[in-house]
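Shown next, in structure tokens, is the structure this report addresses.
The values are calculated or read from the model by the stated rules, or taken from the named source; none is laboratory data. Model, not experiment: these values are computed from the prediction. Neighbour counts are summed over all protein chains in view; Cβ atoms, including those assigned to glycine, are modelled from backbone coordinates with ideal geometry. Please note that ligands, DNA and RNA were not included when accessible areas were found on the heavy atoms of the full protein model with its side chains. Shrake-Rupley method; radii C 1.70, N 1.55, O 1.52, S 1.80 Å.
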Amino acid sequence: MTAVDNQIESPRLGEPYLLTPGPLTTSFAVKEAMLRDWGSWDDDFRAMTRDMRKRLLALLGDGSDDFDCVPMQGSGSFSVEAMLASFIPRDGKALVLANGAYGMRSAQTLEYLGRNHVVLNKGDYLPPRGDEVAQILADDPAITHVVAIHCETSSGILNPVEEISEAVYAAGRKLLIDSMSAFGAIELKVADIRYEAMVSSANKCIEGVPGFGFIIARKSELEAAKGNSHSLSLDVHAQWAHMNKTGQWRFTPPTHVVAAFLEALRGHEAEGGVAGRGGRYTRNRDVMVDGMRELGFETLLKDRWLSPIIVTFFCPADENFVFDRFYDRMKDKGFIIYPGKLTVVDSFRVGCIGQMDEHVMRQVVTAAKETLDEMGVESAAPPAIALEERAKLAA
């Protein structure tokens with residue numbers, strides 16, 4: 001924040017806002033933190049790593065003493081693979097709850113790892129529910145772990161991880177959560193939702209830049225993970241043990257990214273932590289969705305399932321609407337949006353996270369209106385098949 005009225009500063013370098021689920025628009029202070037070089041073995045950088053891990057654990061709330069934080073170089077997918085390979089034993093079996101691209105990516109990862117698994121595939125855009133999980137676990141006693149996506153960003157749906165957790169532990173199994181695009185803005189307190197490990201990334205709701213992810217796991221699970229991993233560099237136990245012994249990362253860390261992330265964590269705390277960050281994102285979503293609906297756009301999801309992270313809209317049926325032209329004109333106006341991933345109908349997505357507030361989201365709606373006018377689009381209503389598909393999803 002840059003002023004007492006909490007007005008967020010616009011990008012000083014004049015770059016477009018990134019209306020994407022990460023990488024996202026960062027503060028100038030976060031960018032500025034990367035101007036200094038750090039020695040990866042130096043005591044100052046070790047202290048930065050300790051501080052970062054401590055701050056992340058604090059976001060878990062009561063019960064965090066039972067957990068530890070293990071940062072891992074690479075993109076978020078690197079850390080997801082590290083979590084799956086390290087905590088699912090080679091003789092274990094996973095149930096993957098998929099309702100979009102990232103659930104299916106976890107299943108694909110398990111294929112590569114050679115881990116036995118089954119998939120509950122809800123199509124792209126329906127949430128997996130606790131009673132479904134309970135039934136699958138009752139029918140298959142070989143399943144040891146359940147893998148859930150907290151916010152499925154291919155659709156923007158916020159999955160019901162609390163009821164999923166209740167079903168998993170009622171059946172005596174273990175839950176692993178991919179909270180890549182939700183952690184830091186949506187509560188994942190261990191006193192409220194039980195899980196063994198979760199994973200997220202630097203360039204999501206904490207509002208850092210890409211370069212590493214982090215696994216937060218029970219210390220008992222970390223201790224038991226020795227020897228599970230298929231990979232030298234993605235071994236969470238080895239990274240954890242080495243970091244606790246020496247204070248260092250095993251291999252060259254993204255020093256500038258860590259420095260930026262620490263600044264982002266300080267900004268996160270100043271904003272009011274998870275509640276403050278999530279509150280801003282929720283206002284962003286509500287203002288943007290209300291405005292886009294007034295223009296005639298339809299959301300894929302009903303309000304109950306809309307996350308404050310990213311929202312999917314159907315493309316208008318109007319023959320003058322061409323997404324690539326819409327994208328380019330929105331970019332010219334200072335906003336980079338995200339293509340859709342629906343398989344049946346055309347769509348696009350608008351992110352609500354990053355250094356943006358409701359004032360910026362009103363500008364987004366204005367830019368969308370101007371772009372429709374420039375393209376000669378008289379109606380933003382979607383094709384009938386889109387509403388038919390949505391009706392199926394809601395059934």
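Using the heavy atoms of the protein chains and a 1.4 angstrom probe, tell me the accessible area per residue for the chain in square angstrom.
Details: 16260 Å² over 395 residues.
Ligands and nucleic acids excluded, the result is 41 Å² per residue.
Once the Cβ-Cβ distance between residue 43 and residue 224 is put in as r, and R0 is 45 Å, what FRET efficiency do you end up with, to the nearest 0.05? Numbers along the way, then the final one.
Numbers: r = 31 Å, r/R0 = 0.70.
So the FRET efficiency works out to roughly 0.90.
Using Cα pairs closer than 8 Å and at least 6 residues apart in sequence, work out the relative contact order for the chain, in percent.
Across the chain, relative contact order equals 23 percent.
Could you identify which residue out of 73, 135, 239 has the top mean-square fluctuation in a GNM of the chain using Cα springs shorter than 10 Å?
Of 73, 135, 239, the most mobile in the Gaussian network model is 135.
To the nearest 20 debye, what charge dipole does the range 279-395 have about its Cα centre, counting +1 at the Cβ of each Lys and Arg and -1 at the Cβ of each Asp and Glu?
On the way: 16 positive and 19 negative charges, 119 e Å.
The dipole of the range 279-395 has a size of about 580 debye.
Charges at C-beta only: +1 for Lys and Arg, -1 for Asp and Glu. How large is the resulting dipole of the chain about its Cα centre, in Debye rounded to 20? Walk me through the intermediate numbers first.
On the way: 42 positive and 55 negative charges, 177 e Å.
Here the size comes out at about 860 debye.
Considering the dipole of the range 227-311 built from charges on the beta carbon (Lys and Arg +1, Asp and Glu -1) around the Cα centre, which of 310, 274, 234 is farthest to its positive end?
Checked the options; the winner is 234.
Between beta-carbons, use under 9 Å as the cut-off and find the net charge around residue 221, counting Lys and Arg +1, Asp and Glu -1. Kindly include the intermediate steps, with their values, before the conclusion.
Numbers: positive: 174, 218, 219; negative: 196, 223.
Taking every Cβ under 9 Å from that of residue 221, the sum is +1.
Quick one: if you stick a label point 7 Å off each Cα along the C-beta vector at residue 90 and residue 252, how many nm between them?
Taking the two extended label points, one gets 3.1 nm.
Which percent of the accessible area of the range 301-395 is formed by carbon and sulfur heavy atoms (probe 1.4 angstrom)? Spell out each step's value before the answer.
Values: 2130 of 4440 Å².
C and S fraction of accessible area: 48 percent.
Report the extension gain between residue 332 and residue 31 in nm, rounded to one decimal, defined as 0.36 nm multiplied by the number of residues separating them, less their alpha carbon distance.
Working: separation 301, 0.36 × 301 = 108.36 nm, distance 2.30 nm.
Separation in residues times 0.36 nm, less the Cα-Cα distance, equals 106.1 nm.
Tell me, in nm to one decimal, what length is gained between residue 118 and residue 304 on full extension, where the rule is 0.36 nm per residue of separation less the Cα-Cα distance? Don't skip to the answer; put the middle values down first.
On the way: separation 186, 0.36 × 186 = 66.96 nm, distance 2.78 nm.
Full extension from residue 118 to residue 304 adds 64.2 nm.
Report the calculated FRET efficiency for residue 275 and residue 7 (r = Cβ-Cβ distance, R0 = 22 Å), to the nearest 0.05. Present the calculation step by step, with values, prior to reporting the outcome.
Numbers: r = 20 Å, r/R0 = 0.89.
Computed FRET efficiency for residue 275 and residue 7 comes out at 0.65.
Using a 1.4 angstrom probe on heavy atoms only, work out the carbon and sulfur share of the accessible area of the range 1-130 in %. Can you show the working numbers first?
Working: 3030 of 6100 Å².
The nonpolar share, carbon plus sulfur, comes to 50 percent.
In whole Å, what is the distance between the alpha-carbon centres of the range 366-390 and the range 92-150?
Distance between centres, Cα-based: 35 Å.
Which distance in nm do the two modelled labels at residue 131 and residue 322 give, with both placed 7 Å along the Cα-to-Cβ direction?
4.9 nm
Heavy atoms only, probe 1.4 angstrom, no DNA, RNA or ligands counted: give me 174, 54, 302 ranked by accessible area, highest first. All intermediate terms of the calculation are to be shown ahead of the outcome.
Values: 174 70, 54 150, 302 110 Å².
Largest accessible area first, the list is 54, 302, 174.
Share of the range 186-275's accessible area from carbon and sulfur, percent, 1.4 Å? Kindly include the intermediate steps, with their values, before the conclusion.
Details: 1670 of 3250 Å².
Of the solvent-accessible surface of the range 186-275, carbon and sulfur hold 51 percent.
Tell me which of 201, 30, 71 sits at the most positive position along the dipole axis of the chain, charges placed on C-beta atoms (Lys, Arg +1; Asp, Glu -1).
Farthest towards the positive end: 71.
Tabulate in residue order the Karplus-calculated ³J(HN,Hα) for the range 301-309, using 6.51 cos²θ - 1.76 cosθ + 1.60 with θ = phi - 60°, rounded to whole Hz; enter x for Gly and Pro.
Result, rounded to whole Hz: 9, 6, 4, 4, 9, 5, 7, x, 9.
Using alpha carbons only, how many angstrom separate the centre of the range 242-262 from the centre of the range 281-310?
38 Å
Rounded to the nearest 5, what is the percent of antiparallel bridges among the DSSP beta bridges in the chain?
Working: 23 of 43 bridges.
Here the share of antiparallel DSSP bridges comes out near 55 percent.
Under a Cβ-only charge scheme (Lys and Arg +1, Asp and Glu -1), can you give me the dipole magnitude of the range 17-156 about the Cα centre, in debye to the nearest 20? If you can, show how the numbers build up before the last one.
On the way: 13 positive and 19 negative charges, 51 e Å.
Computed charge dipole of the range 17-156: roughly 240 debye.
Projecting each Cα onto the charge dipole of the range 89-183 (Lys/Arg +1, Asp/Glu -1 at the beta carbon, about the Cα centre), which of 101, 159, 113 comes out farthest on the positive side?
Looking along the dipole axis, the top candidate is 113.
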